[in-house]
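S.K.: Have a look at the structure that comes next, please.
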Amino acid sequence: MATVIDGKAFALRLRDYIRLQVASLKSQRGIAPGLATVLVGTDPASEVYVRNKARQTTEAGMESFQHKLNADTSEAALLELIAKLNADSKVHGILVQLPLPRHIGTERVINAIDPTKDVDGFHVSNVGLLGSGQKAMLPCTPLGCIMMLREQLGSLRGKHAVVVGRSNIVGKPMAQLLLADDCTVTIAHRYTENLPDLCRQADLLVVAVGKAEMIQGDWIKRGATVIDVGINRIERAGEIRLVGDVDFQSTAAVADAITPVPGGVGPMTIACLLFNTLTAFCRIHGLPEPQDAGFALAEGIGVLREFRHAS
Ligand code: GUN
């Protein structure tokens, strides 16, 4: 039976570390990092995500500024709000919850965010910085995944990593981070031929496709490490349950380690949002960044070492 990677416990540790850093910044300098969230419309899942993000922000001792706009808000009005948040010295991180209503151009909005405050790492300049091995703001979900992989395995060098899913939010940046950690990386997607055979070649398998329990145990190489990014609501035996993109039981029987759903990647994503907000604050104020300071040393693990790759 595989080791179950406890993302919830890891996220708690990371949030504790952030809370202590924030408390020390407040007492030394009298200022706290601030995160602004922007939600357009009333999508119930988005409302839950934004509420959780805001709650954890204040629990970490940071300022939370929540902006809730009607679904018929114009793109121009949203861009005006972004410009105000960019100019607000109390705001160090800006998160626009996706998806946006169809009449709003997502790329125009994301690229209007000051890249230094882009705590989602979605701005085109952060995407380019990551792709060229420069210091970027890293997308929260892939950052959480790579932290768990590093903690579980130490070095990832030379491993064959298969990423199933090629979204801008998870698949593509995940592949970049794995490459920066010296993995050999394959990206699979809906048109990939013979996906089960490809997955069987993976030392590390990261799955972000949004299809409940698509990956089966007989697709897994013995001893592999499996990171399940999916969160799917299904009905089973008359009950609503949350399951991942990976069939947990059959995969756990073959893999060396696996993240559960819930309690794996999800909690790490929010912890990494707080981590990015702290990082943005430090960059804006010219202070040492969290990955250069305590956490890696305190934990005795290199989870926050830099992401750089030259060739
Ligand atoms: N919607 C789903 N995932 C995300 C995310 O990571 N960030 C934002 N802003 N919206 C999302």
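S.K.: Spot the failing condition for CYS145; the list is (1) surrounded by 23 or more Cβ atoms within 10 Å (Cβ to Cβ); (2) more than 21 Å from GLU289 (Cα to Cα), and only one is missed.
M.R.: Unmet condition: (2).
S.K.: Let me ask something else about it. Taking the condition of being in a loop (DSSP other than H, G, I, E, B) and either near the ligand (Cβ under 10 Å from one of its atoms) or within 26 Å of GLY7 (Cβ to Cβ) (or both), how many residues in segment 124-142 meet it?
M.R.: Going through segment 124-142 one residue at a time, the tally reaches 5.
S.K.: In addition: For the list (1) part of a helix (DSSP H, G or I); (2) at pLDDT below 95, I need the number of the one condition that MET1 fails.
M.R.: Failing condition for MET1: (1).
S.K.: List pairs: first residue in segment 73-98 and without any contact (Cβ under 8 Å) to a residue 60 or more places away in the chain, second residue within 13 Å of the ligand (Cβ to nearest atom) and part of a strand (DSSP E or B) anywhere in the structure, Cβ distance under 6 angstrom, at least six positions apart or on different chains.
M.R.: Partner pairs satisfying both residue conditions: THR73/VAL40; LEU85/ALA36; LEU85/ILE94; VAL91/ALA36; ILE94/ALA36; VAL96/VAL38.
S.K.: Would a scan of segment 193-209 turn up a residue that is away from the ligand (no atom under 16 Å from the Cβ), more than 20 Å from ILE258 (Cα to Cα) and without any contact (Cβ under 8 Å) to a residue 12 or more places away in the chain?
M.R.: Scanning segment 193-209 turns up at least one residue that is away from the ligand (no atom under 16 Å from the Cβ), more than 20 Å from ILE258 (Cα to Cα) and without any contact (Cβ under 8 Å) to a residue 12 or more places away in the chain.
S.K.: Shifting gears a bit: Over 24 Å from the mean Cα position of the chain (by Cα) and aliphatic (A, V, I, L, M) - does that describe any residue in segment 51-74?
M.R.: Yes, that holds for at least one residue.
The values are calculated or read from the model by the stated rules, or taken from the named source; none is laboratory data. For clarity, every value in this text was computed on a predicted model and none was experimentally measured. Because the Cβ atoms are built from the backbone with ideal geometry, glycine has one as well, and the counts that use them run over all protein chains shown.
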